[in-house]
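The values are calculated or read from the model by the stated rules, or taken from the named source; none is laboratory data. The model shown is predicted, which means the values in this text are computed figures rather than measured ones. No Cβ is skipped: glycine too gets one built from the backbone with ideal geometry, and neighbour counts run over all protein chains shown. For accessibility, only protein heavy atoms count, side chains too; no ligands or nucleic acids. Shrake-Rupley method; radii C 1.70, N 1.55, O 1.52, S 1.80 Å.
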Amino acid sequence: MSRRMSNVRKRDNGPEMAVRRLLHAAGLRYRVAWPVPGQRRRTIDIAFTKARLAVFIDGCFWHGCPLHATSPKANAAWWAEKISTNQARDVDVTAELEQMRWTVMRFWEHEPPYDVVACIVAFLEGHAATQGAVTSTCSSKAAMKSAE
């Protein structure tokens with residue numbers, strides 16, 4: 001099983017690449033796999049450092065999507081704990097970044113890339129206009145995660 005899990009892409013996966021291509025085509029520049037300050041081995045999928053915007057594209061299986069999550073029958077208890085640990089880590093990383101005055105947007109991999117990019121662009125345009133404290137109004141996981 002460890003061989004199979006080592007082949008799972010942590011970055012540059014299909015949903016993340018689709019969003020990054022659209023952001024780049026829109027003329028936006030960003031950092032990929034940017035380290036979360038103060039947390040070893042934790043990275044931001046797409047980081048806009050000047051705007052302090054952290055974007056995460058979470059996999060439905062690995063992060064327990066309420067619409068698409070599945071539960072493997074083999075090693076069910078281990079997988080339940082693994083996914084629960086991933087969700088706890090998501091909450092921890094989000095809280096840590098928000099404490100450092102970053103805005104965190106989390107999206108599910110199944111969300112249309114154009115909608116994800118529209119949400120990011122709307123935030124960045126609002127941030128540029130007000131130079132700071134803008135909260136996301138997207139109706140995606142970003143809004144759901146910030147409510148947790």
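I'd like the residue in the stretch 70-92 that is outside any helix (DSSP H, G or I) and on the phi < 0 side of the Ramachandran plot and, out of all such residues, is least open to solvent (accessible area, probe 1.4 Å). It would help to see each step written out before you state the result.
Step one: of the stretch 70-92, the residues outside any helix (DSSP H, G or I) are 70-75.
Add one more test, that the residue is on the phi < 0 side of the Ramachandran plot, and what stays is 70-74.
Values: 70: 83, 71: 100, 72: 39, 73: 188, 74: 74 Å².
So, considering only residues that are outside any helix (DSSP H, G or I) and on the phi < 0 side of the Ramachandran plot, the one least open to solvent (accessible area, probe 1.4 Å) is 72.
Which count do you get for residues in the stretch 12-30 that are exposed (fewer than 14 other Cβ atoms within 10 Å of the Cβ) and either more than 16 Å from residue 116 (Cβ to Cβ) or in contact with a Lys or Arg (Cβ under 9 Å, 6 or more places away or on another chain) (or both)? So that I can check it myself, show each step before the final result.
Taking the stretch 12-30 and keeping what is exposed (fewer than 14 other Cβ atoms within 10 Å of the Cβ), we get 12, 14, 21, 24-27, 29.
Of the ones still in play, those that are also either more than 16 Å from residue 116 (Cβ to Cβ) or in contact with a Lys or Arg (Cβ under 9 Å, 6 or more places away or on another chain) (or both) are 12, 27, 29.
Total meeting the criteria: 3.
Any residue at all in the stretch 93-109 that's open to solvent by 60 Å² or more (accessible area, probe 1.4 Å), assigned to a helix (DSSP H, G or I) and aliphatic (A, V, I, L, M)?
no
Taking the residues in the stretch 31-48 that are open to solvent by less than 50 Å² (accessible area, probe 1.4 Å) and assigned to a loop (DSSP other than H, G, I, E, B) as candidates, determine which candidate is nearest to residue 103 (Cα to Cα). It would help to see each step written out before you state the result.
Filtering the stretch 31-48 for residues open to solvent by less than 50 Å² (accessible area, probe 1.4 Å) gives 32-33, 36, 39, 44-48.
Within this subset, residues satisfying the condition of being assigned to a loop (DSSP other than H, G, I, E, B) are 36, 39.
Values: 36: 13, 39: 17 Å.
Among those that are open to solvent by less than 50 Å² (accessible area, probe 1.4 Å) and assigned to a loop (DSSP other than H, G, I, E, B), it is 36.
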